[in-house]
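The values are calculated or read from the model by the stated rules, or taken from the named source; none is laboratory data. Since we're looking at a predicted model, the values are computed, not measured. A quick note on method: Cβ atoms are made from the backbone with ideal geometry, for glycine too, and the neighbour counts reach across all protein chains shown.
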Amino acid sequence: MARRARLEIAGGWYHVTNRGYERRAIFRDRRCYQDFLERLGQLPARFGLKIHAYVLMPNHYHLEIELGSPPALSAAMHWLNTSYSIWFNRRYQRSGPLFQGRFKAILFDPQDCLLAITDYLHLNPVRVGALRLTKSRARAFAKALLVRRCRALRDFEWSSYRDYAGLRSPPRWLTVATVRERTGLSAKEYRQELDRRIRLDQLGLEWQGELAAGILMGAQEVVGKWKRLLDKRAGPNRSSQHRRFGVVSWQQILSAIEQEWQRPWKELRQSRGVPARALAIWFGRHRAGMTLEQIRAKLDASSYSAVAMQVGRLQRQLLRRPTLKKKLQAIAERLNVEC
């Protein structure tokens, strides 16, 4: 299978992640976290980039990186992952891969989703394990769980949240000023913002589908420009790249959905048990390059976060429902794009 195209541009912002092989732990104890952070802290000087945010979980990590000129994301991540893997294998007298494969990087428009992605990184520690709020526990344990979540977030040592929240001084290699300036949030206001999201159970789950599915995120005109750059750099493979990243219009998406069900869109969008609306959102976001607000306006939805949650829900359902995946593939064929 051909590698997914990657676009590295000077000044580009990236959400970068990698996971342990077979989802195994990549950080076994405190020394592992410290060693990885020491290596991470060398990236700005070695590769001319900026690290704006990070979170290290037991079996994966997330980074928010801005590239310098010339852009060197692949070189930086290769050095980080390889050098840490060698150290880890020597320490634990093991052999073989530590990570599941090549890192994943999503190029995103900071004007469109900077705060959302930064929050998504920082809220990782309260989305897992015993801190996850299930429907069956929602009423009985909600208050106690909210207290535990807020405490866990503030006590978690292996992310940049404490640096943003003013709970410790950031290391020299971590750039917190840019996000603060762009969002206009002081340290106190950022603490209050994440506490508010925890109270409202807005832990960034709506972005999981977004981040799992795409390699480009942002406003339509910005994503369109990036797609044209991908096409230009693809060379002989341009046609296959166009199938994956070629821009389609909202009307083309609705037309393909109508053809698939042989029913008008006005009827389909209101039909229960028919995933037409969710599929329209998915293609609008990932193959038309539309922002969540643009899709919300097209659907007259209550909020863009409700639209994002539908994308995430659909992404999870695709893993469990083969018939739904077939519908997605059928519509993609009608649009002449890949899914």
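The table below gives the values:
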item: Complete set of residues in the range 158-192 that are touching a helix residue (DSSP H, G or I) at 6+ places or on another chain (Cβ under 8 Å), among the charged types (D, E, K, R) and loosely packed, with under 15 Cβ neighbours inside 10 Å; result: 168, 182
item: Long-range neighbours under 8 Å by Cβ, at least six apart or interchain, first residue touching a residue at least 40 places away in the same chain (Cβ under 8 Å) within the range 106-126, second of a type in the set (Asp, Glu); result: 117/64; 118/64; 119/193; 121/64
item: Total residues in the range 299-327, condition in contact with a helix residue (DSSP H, G or I) (Cβ under 6 Å, 6 or more places away or on another chain) and more than 20 Å from residue 106 (Cβ to Cβ); result: 4
item: Residue match in the range 101-112 (condition: surrounded by 14 or more Cβ atoms within 10 Å (Cβ to Cβ), over 20 Å from the mean Cα position of the chain (by Cα) and not in a strand (DSSP E or B)); result: no
item: Cβ pairs under 6 Å, 6+ apart, first in the range 85-103 and assigned by TED's automatic domain parsing to the domain that holds residue 16 and within 23 Å of residue 15 (Cα to Cα), second part of a loop (DSSP other than H, G, I, E, B) and at pLDDT below 95; result: 85/98
item: Identity of the residue in the range 169-210, at pLDDT below 95 and part of a loop (DSSP other than H, G, I, E, B), that ends up nearest to residue 104 (Cα to Cα); result: 204
item: Residues that are part of a helix (DSSP H, G or I), small (Gly, Ala, Ser) and over 20 Å from residue 252 (Cβ atoms), drawn from the range 295-339; result: 305, 306, 308, 312
item: In the range 304-339, the residues that are under 16 Å from residue 277 (Cα atoms) and among the hydrophobic types (A, V, I, L, M, F, W, C); result: 306, 307, 308, 309, 311, 314, 318, 324, 328, 330, 331, 332
item: Residue within the range 6-25 that is over 22 Å from the mean Cα position of the chain (by Cα) and crowded, with 18+ Cβ neighbours inside 10 Å present; result: no
item: Filtered residues of the range 41-80 (kept if crowded, with 18+ Cβ neighbours inside 10 Å and of a type in the set (Gly, Ala, Ser)); result: 53, 72, 76
item: Test: residue in the range 30-40 that is touching a residue at least 60 places away in the same chain (Cβ under 8 Å), in a strand (DSSP E or B) and in contact with a Leu (Cβ under 7 Å, 6 or more places away or on another chain); result: no
item: Any hit, the range 264-275, residues being more than 21 Å from residue 106 (Cβ to Cβ), assigned by TED's automatic domain parsing to the domain that holds residue 250 and surrounded by 19 or more Cβ atoms within 10 Å (Cβ to Cβ); result: yes
item: Which numbered condition residue 87 misses (of (1) at pLDDT 90 or above; (2) crowded, with 18+ Cβ neighbours inside 10 Å); result: (2)
item: Subset of the range 58-78 (residues that are assigned to a loop (DSSP other than H, G, I, E, B) and either outside the structural domain of residue 40 (by TED's automatic domain parsing) or among the small types (Gly, Ala, Ser) (or both)); result: 68, 69, 72
item: Residue satisfying all of: in the range 143-168; in a loop (DSSP other than H, G, I, E, B) and small (Gly, Ala, Ser); nearest to residue 31 (Cα to Cα) among these; result: 160
